[in-house]
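J.: Attaching a single structure in structure tokens format; questions to follow.
The values are calculated or read from the model by the stated rules, or taken from the named source; none is laboratory data. Quantities reported herein were computed from a predicted structural model and do not represent experimental measurements. Virtual Cβ from ideal backbone geometry, glycine too; neighbours counted across all protein chains shown. Each accessible area value is taken on the protein alone, full model and side chains, heavy atoms only, with ligands, DNA and RNA left out. Shrake-Rupley method; radii C 1.70, N 1.55, O 1.52, S 1.80 Å.
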Number of protein chains: 2
Amino acid sequence: MNRRDFLKKSSIATAAGLLLSRGIIPAKAQDSQTYYMVTFLSGIDYWRDAYRGMQDAAEFLGVEAVYTGTPDYDLTAEVRVLEETIAQQPAGILVTVINPEGLKPTIDSAIESGIPLVTFDADSPLSKRYSFLGTGNYQAGVTAARYLGPLIDTGKAAVITVPSQGNLLERTNGFIDTIRAEFPNITVGDEYIVDNQNTAEGAATGLSALLQADPDIRGVFSTNASAAVGSSQALREAGVIADVQHIGFDYDEGTLDLIDNGDLGATLAQGTWQMGFWGMMFVYMVANGKIESVTDWQAAGISPLPPNVDTGVVVINQSNSQYWRAQ
Amino acid sequence: MNRRDFLKKSSIATAAGLLLSRGIIPAKAQDSQTYYMVTFLSGIDYWRDAYRGMQDAAEFLGVEAVYTGTPDYDLTAEVRVLEETIAQQPAGILVTVINPEGLKPTIDSAIESGIPLVTFDADSPLSKRYSFLGTGNYQAGVTAARYLGPLIDTGKAAVITVPSQGNLLERTNGFIDTIRAEFPNITVGDEYIVDNQNTAEGAATGLSALLQADPDIRGVFSTNASAAVGSSQALREAGVIADVQHIGFDYDEGTLDLIDNGDLGATLAQGTWQMGFWGMMFVYMVANGKIESVTDWQAAGISPLPPNVDTGVVVINQSNSQYWRAQ
């Protein structure tokens, strides 16, 4: 059915779509435009893929991408860099947020001065940002469960985590809910959750104690990088590395070594490239929409952008670890 | 900091970004490409904005969009239409799913034959679809709470819903969690939830009874269209339409009349245009990525698309209802 048939078919007159359809058909940017990515701890490897994604989208769109940020873990420094970026009047900004409340006024000032801005990886949910692109942590836990579940015949599964940290709690809940719903032969629960206090040592000590107390542990989900390293050590020391299935979170060369050595079954890589690529596409669409009436569009309270995007995780194990090595 | 400076700054060799960066820089489609939207109940107005969004993105990308589907609410009919669409070997497919399990084999066959496919509005989460774009129902409940909360000074807030329906339960949970966390002067809870059994009459009867039993009700969240109509009637009949704040869900000309007459404070419109627009952008990127090595990319288990996208809701009240009228 083509558009004409579709319009003919429907007997009721059109609604909001017309406004949007009139409003934001995007146009190719006519002039040179510059978009900024702003980070904290700007030198770490973790942002590299996000900036690559932004660059790939910028290349497709024919605009320029610039990377900036503060090398420090410091709210005041990131506020200053974001303010300096806004002062450049860029076409759009992608920013990762060191502190949701602390960056809110500066984010809001960018929006109010007409600069499209989205957050990525870490959000300021009560700010006026158009969109947040980051890992859906509950869904990441679901993915961990669906990977580990079929590998465990029957038994108990432990979670090594920091229960007080919100994103790790969501990963834990997604894992436990999914195991319970889809793998009835596997037991999970509060008594099999180890608080690793955000250190590898904490994970090693805690999991060692649990393995001694309960020899029926057949699976381990380590919800962050330090937990994965420590849990792997505990499993090796207990002599059960071949008997207990284990999936971790995040990756670096050390994690990939653990996987290739057989000390860690798998890990989950976050979609940082996807955050940068689609974040760039998003701010471009706001910056370059053929908005016949900006007033109407904004008055109607309509954003062309999805407000929340789960950029997903990828399971890395021995079958694909080579693709994740430094090149 | 430009790219060269960034690459220089980081001392550790590159990781997965390189693969992705090499892999899927999108190219403008060289040949004429046709993309399909497949729906059930294909004649209803609700899909109109979604198809408009798809058309807007297709216009931007220089490809063709075609609307198809079955006019019936019938799984077999939608499976047949999707199979017929796949047989056309289109460049990509956007499909809304009448039944998650029933459509899964056909969706998987599209992916296996190399056709990029995303779901929108209603998902088949265990299928091989690249991505799902739809309303984040929990977040929609959060939005309802943040709209209603400041309008209620103090008192109790009721939810009119179908507790057994999963998407409505998520809306309810988002609302209740947010009221509890952010508006401590407002009381919510199971005793203020009315099961409207998916009819306007059920909502009217149930809310009338609640209002008689508890005169402290100061806010109402109706989680679907029929609930909003019935709740509005109950509030009017009880003579408290001016004293009780009320937000509904979805909209049509009748709902907009209620808003303009003052019988309904506000409603939430789902982001159907956004589903079609970004769904089209998503399948295009898979279809036209400059994939130097498809084998590598797929073997690495990497998708360039976010797996889950919350397309958001917009609050409609008297201040912007005119933009949502049929034009």
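J.: Give the carbon-plus-sulfur fraction of the accessible surface of the protein assembly as shown in %, rounded to a whole number; probe 1.4 Å, heavy atoms of protein chains only.
T.: 48
J.: Then there's this: Which of A:P90, A:Y51, A:G149 sits closest to the plus end of the dipole of chain A, meaning its Cα is farthest towards the positive end, when Lys and Arg get +1 and Asp and Glu get -1 on the C-beta?
T.: Sorting the options by dipole projection puts first A:P90.
J.: Which whole-Hz ³J(HN,Hα) couplings does region A:273-283 yield from phi under the Karplus relation 6.51 cos²θ - 1.76 cosθ + 1.60, θ = phi - 60°, glycine and proline marked x?
T.: Going residue by residue, I get 4, 4, 4, x, 5, 6, x, 5, 4, 5, 5 Hz, with x marking Gly and Pro.
J.: Another question about this same structure. On C-alpha positions alone, give me the angle between the axis of helix B:75-87 and the longest principal axis of chain B, in degrees, nearest 10.
T.: Its long axis makes an angle of about 30 degrees.
J.: Mind checking the mean number of beta-carbon atoms from other chains within 10 Å of the Cβ atoms in B:164-177?
T.: Details: counts 0, 0, 0, 0, 0, 0, 0, 0, 0, 0, 0, 0, 0, 0.
Partner Cβ neighbours, averaged per residue: 0.
J.: Could you list which residues have their amide H under 5 Å from that of B:N196, counting only those 5 or more apart in sequence or on another chain, with H placed in the peptide plane?
T.: Counting only residues 5 or more places away or on other chains, the set is B:T161, B:V162.
J.: Within region B:128-166, name every residue whose backbone N is under 16 Å away from a label modeled 7 Å from Cα of A:L126 along the Cβ vector.
T.: Label zone hits: B:142-151.
J.: So, one more: How many Cβ atoms of partner chains, on average, are near each residue of B:268-281 if near means within 10 Å of its Cβ?
T.: 4
J.: Using a Förster distance of 25 Å, how high is the FRET efficiency between B:S32 and B:E84, based on the Cβ-Cβ distance and rounded to 0.05?
T.: Step by step, r from the Cβ atoms, then E = 0.80.
J.: Given the options B:E64, B:E253, B:E78, state which has the largest fluctuation in a GNM of chain B using a 10 Å cut-off (strictly under) for Cα springs.
T.: B:E253
J.: Rounded to the nearest 0.05, what FRET efficiency is calculated for A:D195 and B:A213 with R0 set to 45 Å and r the Cβ-Cβ distance?
T.: That gives a FRET efficiency of 0.50.
J.: While we're here: Summarise the partner chain shielding of A:62-75 as one whole number: the mean count of Cβ atoms from other chains within 10 Å of each residue's Cβ.
T.: Taking all residues of A:62-75 together, the mean is 2.
J.: Also: Could you check the simple spin-label distance between A:E101 and A:Q322, using points 7 Å along Cα→Cβ, in nm with one decimal?
T.: Roughly 5.1 nm, to one decimal.
J.: Expressed as an acute angle from 0 to 90° and rounded to the nearest 10, what is the orientation of the C-alpha long axis of helix B:100-112 relative to the principal long axis of chain B?
T.: Compared with the principal axis, the helix lies near 20 degrees.
J.: Name the residue, out of B:M285, B:M37, B:M275, whose mean-square fluctuation peaks in a Gaussian network model built on chain B with Cα pairs under 10 Å.
T.: Comparing B:M285, B:M37, B:M275 in the GNM, the peak value goes to B:M285.
J.: Under the rule of -39500 (n - 2.57) per DSSP H run of 4 or more residues, summed and divided by the residues of the protein assembly as shown, what mean residue ellipticity at 222 nm is obtained, to the nearest 500 deg cm²/dmol? Working shown, then result.
T.: Numbers: 24 runs with 286 residues, N = 654.
Calculated from helices alone, the mean residue ellipticity at 222 nm is -13500 deg cm²/dmol.
J.: Considering only DSSP beta bridges where both residues belong to the protein assembly as shown, give the percentage that are antiparallel (nearest 5).
T.: Rounded to the nearest five, the antiparallel share is 20 percent.
J.: As a test of the definition: with a 1.4 Å probe, what buried accessible area, both sides summed, do you compute for B against A, in Å² to the nearest 100?
T.: That pair hides around 6700 Å² of surface in total.
J.: Once the Cα atoms of helix A:166-182 and of chain A are each reduced to a long axis, what angle between those two axes, in degrees from 0 to 90 to the nearest 10, is obtained?
T.: For helix A:166-182, the angle is close to 70 degrees.
J.: Per residue of region A:200-208, in order, report the coupling 6.51 cos²θ - 1.76 cosθ + 1.60 (Karplus, θ = phi - 60°) as ³J(HN,Hα) in whole Hz, putting x for Gly and Pro.
T.: Here the 3J(HN,Hα) series is 5, 5, x, 5, 4, 5, x, 6, 4 Hz.
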